[in-house]
């Protein structure tokens, strides 16, 4: 009993934050997923139809983790709209991964506020409530969280197996390989240190399991070489000049105006609101003293690869790859503002509380804007109702 009390005393704040975020995520990502939209979109119908036969999955195993779950639901004749719950659970996993990373680098308050902003962003809510595999673009975030856990865990036997097992499954997500290869090459000298204290037998076991899991993907590439380009997110016809010209529109997608993607976004609204955009700029300013940190490379690579993939495909949905890391920089902005305020009032608890309260209220207002943007605006537009009007035959 004393052990439980000591654990609660040490981790009570974290437990309360996690419980609060979990309840909020259930409401935002799962409640009314089957009923708020009049039907399914063409992308949802295609995703579900490609997952109803094992032979179809073998021919095209891309997005395999999600397809296997869809196949299981189809086997038990679950209503098609209920497939959206899977995206909701994956979004909850993404929010948990984001928080686990943020709390390693920032205070619990800053981590919680940034997680709320990320979890309530309109694009996250939308991806969580549609039955498409786009939510797996956040899987890159899960991998970073897993590596961070891997570096500090004492479970030296299971850690390599879990890491390699998870990474092999995530390789079925198009675009994921670019991040693994680029970051793996950059941190090639640091990777052996991760496995330094691991038993070789468990490392070999993890590697064998990983290779076995990746085998269907390799076989599919041999049968259909065009699938390799899809996996790498390289379009079948690549217009280099148009892609270069398209890059200039990408910064505006975060702050000013995005492309029209009515199946995922309201009109041409940017990915970030005014508050998040301001906090991002402040975070970039504050981060100038931390350029030498390892995480800087992760930020830069995720942003550059996201922009490259979005430009060659001329589809800004691929900016979702770097969105979690944009919000981690927003965490930097929140932490910087609180630190500057507290430096002015280092010994005044009331003033420090007022500063934290103002930041919290601002975050809540920003979150409420995104919630209304989805639940009141986006789902009620004629374009959305027209897109989400199909049924599974």
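Considering only segment 16-37, state which residues are surrounded by 12 or more Cβ atoms within 10 Å (Cβ to Cβ) and either assigned to a helix (DSSP H, G or I) or touching a strand residue (DSSP E or B) at 6+ places or on another chain (Cβ under 8 Å) (or both).
Listed by number, the residues that qualify are 16, 17, 18, 20, 21, 22, 24, 25, 26, 28, 29.
So residue 87 ticks every box in (1) on the phi > 0 side of the Ramachandran plot; (2) in a helix (DSSP H, G or I) but one. Which box is left unticked?
So residue 87 meets the others, but not (1).
Can you spot a residue in segment 124-131 that is at pLDDT 90 or above, in contact with a helix residue (DSSP H, G or I) (Cβ under 8 Å, 6 or more places away or on another chain) and under 24 Å from residue 335 (Cα atoms)?
Yes; the residues of segment 124-131 include at least one that is at pLDDT 90 or above, in contact with a helix residue (DSSP H, G or I) (Cβ under 8 Å, 6 or more places away or on another chain) and under 24 Å from residue 335 (Cα atoms).
Residues of segment 236-250 being within 20 Å of residue 322 (Cα to Cα) and surrounded by 11 or more Cβ atoms within 10 Å (Cβ to Cβ), which ones? Reasoning before the result, please.
If we filter segment 236-250 for residues that are within 20 Å of residue 322 (Cα to Cα), which is where we start, we get 243-244, 246-250.
If the condition is that a residue be within 20 Å of residue 322 (Cα to Cα) and surrounded by 11 or more Cβ atoms within 10 Å (Cβ to Cβ), then 243, 244, 246, 247, 249, 250 are the ones that fit.
Out of (1) crowded, with 20+ Cβ neighbours inside 10 Å; (2) touching a residue at least 60 places away in the same chain (Cβ under 8 Å); (3) closer than 24 Å to residue 388 by Cβ, what's the single condition that is false for residue 49?
So residue 49 meets the others, but not (1).
Is it true that some residue in segment 99-110 is touching a helix residue (DSSP H, G or I) at 6+ places or on another chain (Cβ under 6 Å), in contact (Cβ under 8 Å) with a residue 60 or more places away in the chain, more than 21 Å from residue 374 (Cβ to Cβ) and surrounded by fewer than 17 Cβ atoms within 10 Å (Cβ to Cβ)?
Looking through segment 99-110, at least one residue is touching a helix residue (DSSP H, G or I) at 6+ places or on another chain (Cβ under 6 Å), in contact (Cβ under 8 Å) with a residue 60 or more places away in the chain, more than 21 Å from residue 374 (Cβ to Cβ) and surrounded by fewer than 17 Cβ atoms within 10 Å (Cβ to Cβ).
Every residue, every condition in (1) touching a residue at least 24 places away in the same chain (Cβ under 8 Å); (2) closer than 16 Å to residue 331 by Cα; (3) surrounded by fewer than 16 Cβ atoms within 10 Å (Cβ to Cβ); (4) in contact with a helix residue (DSSP H, G or I) (Cβ under 9 Å, 6 or more places away or on another chain), yes or no:
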site	(1), (2), (3), (4)
253	yes, no, no, yes
257	no, no, yes, yes
263	yes, no, no, yes
272	yes, yes, no, yes
275	yes, yes, no, yes
282	yes, yes, no, yes
288	no, yes, yes, no
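Please go through segment 163-178 and pick out each residue that is assigned to a loop (DSSP other than H, G, I, E, B) and farther than 22 Å from residue 149 by Cβ.
Taking segment 163-178 first, the residues assigned to a loop (DSSP other than H, G, I, E, B) are 171-175.
Result: 174, 175.
The values are calculated or read from the model by the stated rules, or taken from the named source; none is laboratory data. Please read these numbers as outputs of a predicted model, since none were measured by experiment. With ideal geometry, Cβ positions are generated from the backbone for all residues, glycine too; neighbour counts draw on all protein chains shown.
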